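Data block below; observations after.
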Amino acid sequence: MVKKKKLSYSFSMIAFGIMLWMPFFSNAQVITGAERTELYYPLLKNKTIGIVANDASVVNGKNIIDSLHSMGFEIKKIFAPEHGLRKSQEAGQTVKNTIDSITGIQVVSLYGKKKKPDKDDLKDIDIVVFDLQDVGVRFFTYISTLTYVMESCAESNTPLLLFDRPNPNGFYVDGPVLDSVQASFVGLHPVPLVYGMTIGEYAQMINEEGWLSNRMICDLNIVSLENYNHSTPYQLPVKPSPNLTTMNAVYLYPSLCLFEGTIVSVGRGTDFPFEVFGHPAFKGFSFSFIPRRVVGMSLNPPYKDQNCLGVDLRDFYETHPKMFGRINLSWLFMAYKNLGSQASFFNDYFDKLAGTSLLREQISNDIPESEIRKTWETRLSEFKEIRKKYLLYPE
């Protein structure tokens, strides 16, 4: 089922950045796992199916659930991750069990009272299909959902069929590797903040590195991508979560989401979340924004209805192409100092997002970014050796 295909070209990091400014960029050369129906239709025939998906799970412009349902496949249950099936919930908002309004199929929440399917959820399921669009950042929760679904499938001896999708941040590896003491739903595994793997490659790593409970092994089958390598530009056809509305936001997300562990706003409640940052008390900035209530994105954003001064990053990579493909810590330093270098700048969530308490301590002690990066090197090198074992596609 897994097929490696070597491409005849490479793409430089700076050239890759050009796609930010090409809204009509074509993905025609990349074939997703979901589009390779000839490989998985026979595996689903006459089976009762559970599927983990949301509205970014598209195949030829149609949601994968709607596509399979229209073809007569027997979907018994839909499992909904953070943000819900049709992505109507904002970050952190509980997703409820429901009935899908389009297909009439039962929807089981994996972001509410539980985050893992239980025995009853899988008792009448022959096979589970997993099709979520990841963005390649440790605190994006879909890899945690993947882990718990793999555990449930292993416990119930239910096969898992994963449709692989491109990782828009799959062309680099960067950031601190998670310390086990910081493990949570926004980071379960000892991987860096940006891990440079597709969700299919990551699933293999979970299985083979013994990261499931009791080192169980999931019966995993991956429908791989075609015409893809880790430098292949890819424009996501549907936003992967409610507040990642542009490719620029997807690329800025690894750096800016760290602000969610501070008192700084990342523009939730605006038309450009994760493309700006600011605070009502910032000094010396001419750019400003006012967060508002936005249904389906941010009902109660930080500093709602308050004027925030800050930084507009909507053209950052156009003006700073050499910064593309790396985490930018300078924005954290800038904000921390602008607000008086107070301990109250950080909240309890920061260490979970960073995967370590050390980064907070380093910023507080004004350790230069170059020195901070040196403290990442050993564990990053170790991870890169592990990563190599599970890559399905060329670098």
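Taking the criterion of being surrounded by 22 or more Cβ atoms within 10 Å (Cβ to Cβ) and outside any strand (DSSP E or B), the residues of the range 187-204 that qualify are Val191, Tyr195, Gly196, Met197, Thr198, Ile199, Gly200, Glu201, Tyr202, Ala203.
Yes or no: Asp134 of a type in the set (Asp, Glu), open to solvent by less than 10 Å² (accessible area, probe 1.4 Å) and outside any helix (DSSP H, G or I)? Yes, satisfied.
A residue that is surrounded by 21 or more Cβ atoms within 10 Å (Cβ to Cβ), modelled with pLDDT of 95 or more, out of contact with any Ser or Thr (no Cβ under 9 Å at 6 or more places or on another chain) and not in a strand (DSSP E or B) occurs nowhere in the range 179-186. Taken residue by residue, the range 258-271 has at least one member that is in contact with a strand residue (DSSP E or B) (Cβ under 8 Å, 6 or more places away or on another chain), within 27 Å of Arg86 (Cα to Cα) and without any contact (Cβ under 8 Å) to a residue 12 or more places away in the chain.
Filtering Lys337, Lys374 for residues that are open to solvent by 80 Å² or more (accessible area, probe 1.4 Å), over 25 Å from Thr270 (Cβ atoms) and not aromatic (Phe, Trp, Tyr) leaves a single hit, Lys374.
Would you pick out the residues in the range 153-175 that are surrounded by fewer than 23 Cβ atoms within 10 Å (Cβ to Cβ) and in contact with a Ser or Thr (Cβ under 9 Å, 6 or more places away or on another chain)? Correct list: Ala154, Glu155, Thr158, Phe171. Taking the criterion of being open to solvent by less than 50 Å² (accessible area, probe 1.4 Å) and part of a loop (DSSP other than H, G, I, E, B), the residues of the range 105-123 that qualify are Ile105, Leu110, Tyr111, Gly112, Pro117. Annotation note: Cβ proximity below 6 Å between a residue of the range 97-125 that is closer than 11 Å to Leu85 by Cβ and polar (S, T, N, Q) and a residue that is assigned to a helix (DSSP H, G or I) and open to solvent by less than 70 Å² (accessible area, probe 1.4 Å) (sequence gap 6+ or interchain) occurs for no pair.
Checked against the criterion of being in contact with a helix residue (DSSP H, G or I) (Cβ under 8 Å, 6 or more places away or on another chain) and under 17 Å from Ile65 (Cβ atoms), the candidates Leu132, Leu146, Leu122 yield just one match: Leu132. Taking Phe185 as the residue in question, decide whether it is in contact with a strand residue (DSSP E or B) (Cβ under 8 Å, 6 or more places away or on another chain) and among the hydrophobic types (A, V, I, L, M, F, W, C). When the stated conditions are applied, Phe185 does not pass them.
Table: residues versus (1) touching a strand residue (DSSP E or B) at 6+ places or on another chain (Cβ under 6 Å); (2) over 26 Å from Gly284 (Cβ atoms); (3) among the small types (Gly, Ala, Ser).
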{"residue": "Asn300", "(1), (2), (3)": "no, yes, no"}
{"residue": "Val311", "(1), (2), (3)": "yes, no, no"}
{"residue": "Glu318", "(1), (2), (3)": "no, no, no"}
{"residue": "Leu339", "(1), (2), (3)": "no, no, no"}
{"residue": "Ser344", "(1), (2), (3)": "no, no, yes"}
{"residue": "Glu377", "(1), (2), (3)": "no, yes, no"}
{"residue": "Lys389", "(1), (2), (3)": "no, yes, no"}
{"residue": "Tyr393", "(1), (2), (3)": "no, yes, no"}
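Of the residues contained in the range 219-232, one or more are found to be touching a Cys at 6+ places or on another chain (Cβ under 9 Å) and surrounded by fewer than 23 Cβ atoms within 10 Å (Cβ to Cβ). Considered as a group, the residues in the range 265-293 that are more than 17 Å from Arg314 (Cα to Cα) and assigned to a loop (DSSP other than H, G, I, E, B) include one that is least open to solvent (accessible area, probe 1.4 Å), and that residue is Phe282.
Restricting the range 25-74 to residues that are modelled with pLDDT of 95 or more and of a type in the set (Phe, Trp, Tyr), the residue that is farthest from Asn227 (Cα to Cα) is Phe73.
The values are calculated or read from the model by the stated rules, or taken from the named source; none is laboratory data. Note that this is a predicted model, so its numbers are computed, not measured. Neighbour counts are summed over all protein chains in view; Cβ atoms, including those assigned to glycine, are modelled from backbone coordinates with ideal geometry. Quick note on the areas: whole protein, heavy atoms, side chains included, nothing else; ligands and nucleic acids left out. Shrake-Rupley method; radii C 1.70, N 1.55, O 1.52, S 1.80 Å.
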